[in-house]
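Here is the structure we will look at.
The values are calculated or read from the model by the stated rules, or taken from the named source; none is laboratory data. It should be emphasised that the depicted structure is a prediction, and the values quoted were computed from it without experimental measurement. Every residue, glycine among them, receives a Cβ derived from its backbone with ideal geometry; neighbour counts consider all protein chains shown.
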Amino acid sequence: MADRDDMDLMAAEYVLGTLDARDHARAQGLVANDASFSNLVAAWERRLGPLSEAVPDMQPPQHLRSRIEAAIGGSAQVRNGVREAISNVAEALERRLAVWRLGALASGAAAALALALWFGGIEVPGRPQAPVQDRYVAMLMGDAGNYGFVITVEPKAEKLMVRCLVPDPPDNHDYELWLLKDGAEPKTLGIVPPGQFMYMPMPDRMDMPEPDKRIKLAVSLEPRGGARGQQMGKVMYAGDLMKLTP
Amino acid sequence: MAERSLKSLLAAVARRDRQAFLALYAATSGKLFGIAIRILKRSEMAEDVVQDAYVRVWNGAGDYSPALGSPMSWMATIVRNRAIDLLRKRTESSIDDESGLGELPDDAPDPFALTNQSQELSALLNCMGKIDDGEKRCLMLAYYYGYTHEEIAARTKSPVGTVKSRIRRGLAKVRECLDHG
């Protein structure tokens, strides 16, 4: 019982905010991992919360509202954008399947051809079937759950296609693209040029994901000109690079 | 704004209604910024914390339930938690507190003087009214300014041990009074 009382008072002091850095961090760990402690915290938040009514209002600076709108606007707009992109892809697939239904026999070969059409994009019926060209994609997501960049890699074409879904970086800053691999230093892939649709050259011997090797791409915010060999700046968006083709 | 309107705004925000979100911001940002700046003492840090909190509200309005308290108290808790986290992390790495002091009056808000109290607040104050003045003062300094035991000890010119026991005694009495009347 004494233990539980101690835990309860620790929860109370965590809510009150009197714990020093070490105990605060410890309590935070408990909130995340111990349901009974997090219930105690919630009960204290409810008990003490009404005290905030007495805090006098203070108007925040005007620019805060636009900053917040940008932070949440991004996520709503981008989600719609992604939804649209997905439905465009679905429509394209539908169209190709319709062509296939009309013109081809429902045989295994025809199905393979349909797949090749879909993934290769350039083959036409009657020509010898070319091997599917490998393609990889990474959808880089920000802290707020919004998509910032979609990056497609075609190793054979030696280029990265970058679709930027967020506004240009602030003045005197650049976005820089990085490749992250477990156990290795981040490797820069260069400054992301401004704009919505860009190509970037693919570096020699770029690591590609394999079943047992995870590769992440990340975009950081850097001073104009990039990190220039210094430590990587704040990561704004990141996502796994995934193989898109079979 | 009435609690009921805030609840319906939160419900609309949970459905991704931007207009409702902006109305919620207009109705609550003064209070939330006031809470953050009292704890952090610096405008830019308070802005970051308030921004984080609203992004969290935008993404998590659906998590709100009346069991967590009033909407205002729920949002205030999000802001206080973030502000105190930031404060503790910052004092851990660098102690440069003094430069920002003096921007704000150091008088703690006085909930007892508030004319328009919610039911929850008046129940809490009824209980806080029963505890010693010393205990009450420690609780208020901690809640409104996010001070640690050491900082309260310095402000009230009392030994740290005394502050610790005042706070624990005060909290235990408030809990007993609120939970069992």
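Could you tell me whether any residue of the stretch B:131-141 is surrounded by fewer than 16 Cβ atoms within 10 Å (Cβ to Cβ), modelled with pLDDT under 90, outside any helix (DSSP H, G or I) and more than 11 Å from every other protein chain (Cβ to nearest Cβ)? Checked the stretch B:131-141: no residue is surrounded by fewer than 16 Cβ atoms within 10 Å (Cβ to Cβ), modelled with pLDDT under 90, outside any helix (DSSP H, G or I) and more than 11 Å from every other protein chain (Cβ to nearest Cβ).
For B:Asp179, are the conditions met, namely being outside any helix (DSSP H, G or I), surrounded by fewer than 18 Cβ atoms within 10 Å (Cβ to Cβ) and at pLDDT below 95? Taking the combined requirement at face value, the residue does not satisfy it.
Residue count for the stretch B:66-81 under the criterion of being within 7 Å of chain A (Cβ to nearest Cβ), touching a residue at least 24 places away in the same chain (Cβ under 8 Å) and surrounded by fewer than 20 Cβ atoms within 10 Å (Cβ to Cβ): the result is 0.
Of everything in the stretch A:213-246 that is part of a loop (DSSP other than H, G, I, E, B) and closer than 17 Å to A:Glu158 by Cα, the residue that is nearest to the chain's Cα centre (by Cα) is A:Leu244.
Looking only at the stretch A:151-164, residues that are under 12 Å from A:Val192 (Cβ atoms) and touching a residue at least 40 places away in the same chain (Cβ under 8 Å) come to 2 in all. From the list A:Ser36, A:Ser66, A:Ser52, the one residue that fits, being small (Gly, Ala, Ser), part of a helix (DSSP H, G or I), touching a Lys or Arg at 6+ places or on another chain (Cβ under 9 Å) and surrounded by fewer than 19 Cβ atoms within 10 Å (Cβ to Cβ), is A:Ser36.
Hey, does the stretch B:34-50 have a residue that's closer than 20 Å to B:Gln117 by Cα, at the interface with another protein chain (Cβ under 9 Å from one of its Cβ atoms) and modelled with pLDDT of 90 or more? Steps first, answer last, please.
Just the residues of the stretch B:34-50 that are closer than 20 Å to B:Gln117 by Cα, to begin with: B:34-35.
The next check asks that each one be at the interface with another protein chain (Cβ under 9 Å from one of its Cβ atoms); those that pass are B:34-35.
With the extra rule that they be modelled with pLDDT of 90 or more, the set shrinks to B:34-35.
Yes, that holds for at least one residue.
Please verify whether A:Arg228 is over 30 Å from B:Val49 (Cβ atoms) and either modelled with pLDDT of 85 or more or surrounded by 12 or more Cβ atoms within 10 Å (Cβ to Cβ) (or both), treating the condition exactly as stated. Taking the combined requirement at face value, the residue does not satisfy it. Candidates are the residues of the stretch B:13-56 that are in contact with a Leu (Cβ under 9 Å, 6 or more places away or on another chain) and β-branched (Val, Ile, Thr); the one that is farthest from A:Pro61 (Cα to Cα) is B:Val13. Of the residues making up the stretch A:1-60, those that are of a type in the set (Gly, Ala, Ser), more than 7 Å from chain B (Cβ to nearest Cβ) and touching a Phe, Trp or Tyr at 6+ places or on another chain (Cβ under 9 Å) number 2.
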